[in-house]
1. According to the square roots a ≥ b ≥ c of the eigenvalues of the Cα gyration tensor, what is the shape class of the range 45-174, taking rounded for a/c under 1.5, prolate for a/b larger than b/c otherwise, and oblate for the remainder?
2. May I ask you to derive the FRET efficiency for Ser284 and Thr317 from their Cβ-Cβ distance with R0 = 56 Å, giving the value to the nearest 0.05?
3. Is there a pair in Lys43/Lys134; Lys43/Lys262; Lys279/Lys303; Lys43/Lys303 whose C-alpha atoms are over 31 Å apart, and which pairs would that be?
4. Report the calculated FRET efficiency for Asn276 and His180 (r = Cβ-Cβ distance, R0 = 41 Å), to the nearest 0.05.
5. Size of the dipole of the range 120-206 about the Cα centre, Lys and Arg at +1 and Asp and Glu at -1 on the beta carbon, nothing else charged, in debye to 20?
6. Take every Cα-Cα distance within the range 191-315, group them into 10 Å bins from 0 onward, and report for each bin the whole-number percent of pairs it holds.
7. Keeping every protein chain in place, order Cys295, Cys189, Cys241 by accessible area at 1.4 Å, biggest value first, i.e. largest first.
8. So what's the Cα pair-distance distribution over the range 41-341, bin width 20 Å, in %?
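The values are calculated or read from the model by the stated rules, or taken from the named source; none is laboratory data. Just so it is clear, the model here is predicted, and its values are computed rather than measured. Ideal geometry is used to build each Cβ from the backbone, glycine not excepted, and the neighbour counts take in all protein chains shown. The protein model used for the area step is the full one, side chains on, heavy atoms only, and it has no ligands, DNA or RNA in it. Shrake-Rupley method; radii C 1.70, N 1.55, O 1.52, S 1.80 Å.
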Amino acid sequence: MGYHTSPKFSVASMHRSVSREVTKKTFSSPHKIQVTHSMPPHKIEIFKSMENWVEENVLIHLKPVEKYMITEEALPTYQTQINITDGIRDETGASPSSWATWTRAWTAEENRHGDLLNKYLYLSGRVDMKQIEKTIQYLIRAGMDVQMENNPYLLFIYTSFQERATFISHGNTARLANQHGDKSLAQICGIIASDEKRHETAYTKIVEKLFEIDPNGTVLAFADRMRKKITMPGLLMYDGCDDDLFEHFSAVAQRLGVYTAKDYVDNLEFFVERWNVEKLTGLSSEGRKAQDYVCGLAQRLRKLEERAQEKVKQAPTIPFSWIFDREIYQVIYKCKPSMFLYLNFNNHDLISYHFLE
């Protein structure tokens, strides 16, 4: 997902903008100066004016409830993040506004994924469910700091990247599961990937509309978002044992090619082209600088891919509590903001897999 200003490129190191001094045992985010409500108040009117457009162009990407065949756990942290965003928040908890309707329905759809994966993990009998549940509790208690600043411009750029990344990573996991003979897992991940693609389309359209209404403000936000890095919500996950849990699993994700630095740069290029960033005109001097930064960023990041690949090849073997402290070669890939798939290997053979929501 994303990550840069002189970025370091393993999947884990791209997320290390958050201070490593955070002690996961305290379940708290790093103490640092937090910017809030960075969007100028007058721009809230832009989002109010988009209500009818959202109803006609975004809500159509929701799937009817009766067509769902999978369920999942809640995503309290992520929904909270959206509901504190200026201009789109759900003021009552049951607001009929288009923005609030989308947020609740989107959360409901995501919520179905995790529950299915958790049940799949439980029924596999291959993992220590107590450790899994402990990790879930630690992660929710720790929260996340993705530097949204209550700013919907930053939020929707972030979610566009997240949804595309999860679409890719679920698809890659389906492919790996199929290769190793697990047709059920392949089907599950394929269905989830299709859901993520719909969500990607919705968020991408929102940002596209913002570029149409406010090109200067949106390109400034795009550059700001990339400089801040798209920090992974799971960065603070902890199992009660490993203070560097996210880093260890991210290294193997890069190694197996489930979601890599290359994928991230590919996504950056995709959005630059999709939103026609290079063709923007009428920008302020700051807007033009932001445009140049965003359009040239992918080329600079490409130079770091090989370095990242070499780094993950040197990753040590680490015991994981979720699999009873066995030291095996393992890969993690990020499915959603708080959902991860772990593939366990011994001598390059897939011996087990599980999900963490």
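1. prolate
2. FRET efficiency, Ser284 to Thr317: 0.60.
3. Lys43/Lys134; Lys43/Lys262; Lys43/Lys303
4. Result of the calculation: an efficiency of 0.50.
5. 220 debye
6. Spelled out bin by bin, the range 191-315 gives 11, 34, 32, 19, 4, 0 percent.
7. Descending accessible area places them as Cys241, Cys295, Cys189.
8. Binned Cα distances yield the sequence 32, 58, 10.
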